[in-house]
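Since every read-out is calculated from the coordinates, none of them should be taken as a lab result. Just so it is clear, the structure is predicted and the values come from calculations on it, not from any experiment. Positions of Cβ are generated from backbone atoms using ideal geometry, with glycine treated the same way; all protein chains shown enter the neighbour counts.
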Amino acid sequence: MEAHTISGKLTRSLKLPRSKAAHVLGVPVGTGPSCRPFPVMSARNLILAGIAASALALPPAAGAATATPAAGGAAPSSAGTGGSSPTQAPTTTTTTSASGSTTQLARDAQALGTTTLRAGAKGKQVRVLQRVLTAVGYRVRVTGFFGALTRAQVRRFQRNWTLPIVGYVGPATARALRDALAGRTPPARNAQPVPPAVSVDGWTFPIRGAHNYGGPDNRYGAPRDGHTHAGQDIFANCGTPEVAARGGKVIDAGYGGSAGYYIAVHTADTQYDYFYAHLRSSPSVSAGQTVSTGQLVGYVGETGDAVGCHLHFELWDGAWWNGGHTIDPLPFLKAWDK
Ligand SMILES: [Zn+2]
């Protein structure tokens with residue numbers, strides 16, 4: 001565990017540009033980490049689609065009834081005050097009509113997320129979004145126009161479901177809405193206690209739990225189809241907490257292509273940015289947020305092009321996708337790995 005520390009490299013770092021606009025470039029996450037030489041995403045998506053479809057076929061009573069209190073939202077639409085779900089039958093006194101409308105809504109909801117819905121949008125998809133929001137306890141008027149209230153309720157939903165609080169609806173939020181509609185509850189905010197971080201020169205190991213570095217194929221620089229592996233893979237049990245290796249600003253967080261769920265952090269006091277990919281689910285932090293060293297940011301998963309739960313860790317000398325370049329993070333990781 002020789003001291004291959006970052007402080008030893010600080011001298012030439014300070015000249016590097018410190019742009020905070022990395023995300024403006026339209027980060028090519030899709031070309032980023034391909035942790036395995038073959039893609040598995042499409043097969044996984046097919047499987048997931050099958051799971052989602054069967055889950056959506058559940059009786060609606062399980063859905064709305066359990067989702068609403070968990071979400072801490074407004075009263076369910078069956079309370080019957082005006083303004084909710086005008087496109088549905090106004091009475092929900094019989095199980096069959098409720099079942100029918102909810103099943104239909106679940107079917108309609110499957111298209112949510114295929115195009116991003118944001119403030120100012122209008123049309124059928126917005127109506128579906130508004131009906132789903134209302135059904136899972138975030139009541140809005142079903143107007144077909146994405147206005148201020150819809151945006152506020154989307155943000156509330158995103159906060160309760162530990163999604164990035166962005167106020168628009170993309171694939172991750174759409175999937176969570178379908179989960180809510182199917183009766184699932186939001187992920188616990190701190191499902192597992194995160195062991196205290198050990199700081200080494202202001203850095204800490206990004207995984208809190210047993211782990212290993214895989215084999216030659218998981219090393220930085222390992223050959224990939226058309227490029228080389230830009231990070232170091234760290235394997236751990238699915239769901240193991242991931243923490244910020246160093247405090248800084250989250251410059252991007254979300255879901256993208258081969259990276260799956262990811263975050264990118266710009267450190268405030270070094271020349272390095274870093275990047276995590278394949279998180280199990282939406283990161284616990286969102287773009288623009290400040291994180292502290294050791295703060296929980298998500299859990300080890302295998303979203304995107306990944307086989308086996310692991311963290312794809314990239315260390316960037318300079319700004320992430322904005323003038324910087326990746327370096328071999330393994331010596332650093334080993335130094336932090338106490
Ligand atoms: Zn990788």
Whole-Hz Karplus ³J(HN,Hα) for region 225-232, in order, using 6.51 cos²θ - 1.76 cosθ + 1.60 and θ = phi - 60°, x for Gly and Pro? 6, x, 7, 10, 5, 8, x, 10
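As a footprinting exposure proxy, order C238, C309 by other Cβ within 10 Å, with the fewest listed first. Don't skip to the answer; put the middle values down first.
Details: C238 12, C309 19.
Least crowded to most crowded, the residues run C238, C309.
Please compute the length gained on full extension between K334 and A119, using 0.36 nm multiplied by the number of residues separating them and subtracting their Cα-Cα distance. Intermediate values should be presented prior to the final figure.
Details: separation 215, 0.36 × 215 = 77.40 nm, distance 4.56 nm.
In short, 72.8 nm is gained.
Using a 10 Å cut-off on Cβ atoms, rank the peptides 258-264, 327-333 from the highest mean neighbour count down. Please report the intermediate quantities before stating the final value.
Details: 258-264: 26.1, 327-333: 19.9.
Top of the packing list down: 258-264, 327-333.
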For region 102-181, what size does the Cα cloud have along each of its three principal axes, sorted from largest down, in whole Å? 28, 24, 22
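Could you order peptides 311-320, 217-226 by the average number of other Cβ atoms within 10 Å of their residues, highest first? Let's see the in-between values first.
On the way: 311-320: 23.9, 217-226: 14.4.
Per-residue Cβ counts within 10 Å, averaged per peptide and sorted highest first, yield 311-320, 217-226.
May I ask you to compute the full-extension gain from R141 to R107, defined as 0.36 nm times their residue separation minus their alpha-carbon distance, rounded to one decimal in nm? Present the calculation step by step, with values, prior to reporting the outcome.
Details: separation 34, 0.36 × 34 = 12.24 nm, distance 2.03 nm.
Between R141 and R107, full extension yields 10.2 nm more.
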Dipole magnitude of region 166-314, debye to nearest 20 (Cβ charges: Lys/Arg +1, Asp/Glu -1, about Cα centre): 480
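Under the 0.36 nm per residue contour assumption, what length would be gained going from the current alpha-carbon distance of H325 and R159 to full extension? Display every interim value, and only then the final one.
Details: separation 166, 0.36 × 166 = 59.76 nm, distance 3.32 nm.
Length gained, H325 through R159: 56.4 nm.
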Can you list residues from other chains, or at least 5 along the same chain, whose modelled amide H is less than 5 Å from the amide H of W203? none
Show the residues, 5+ positions off or on another chain, whose built amide H is closer than 5 Å to the amide H of V243. I207, R208, V297
Between region 267-338 and region 111-127, how many Å separate their Cα centres? 31
Arranged from highest to lowest average of other beta-carbon atoms within 10 Å per residue, in what order do the peptides 152-163, 172-183 appear? 172-183, 152-163
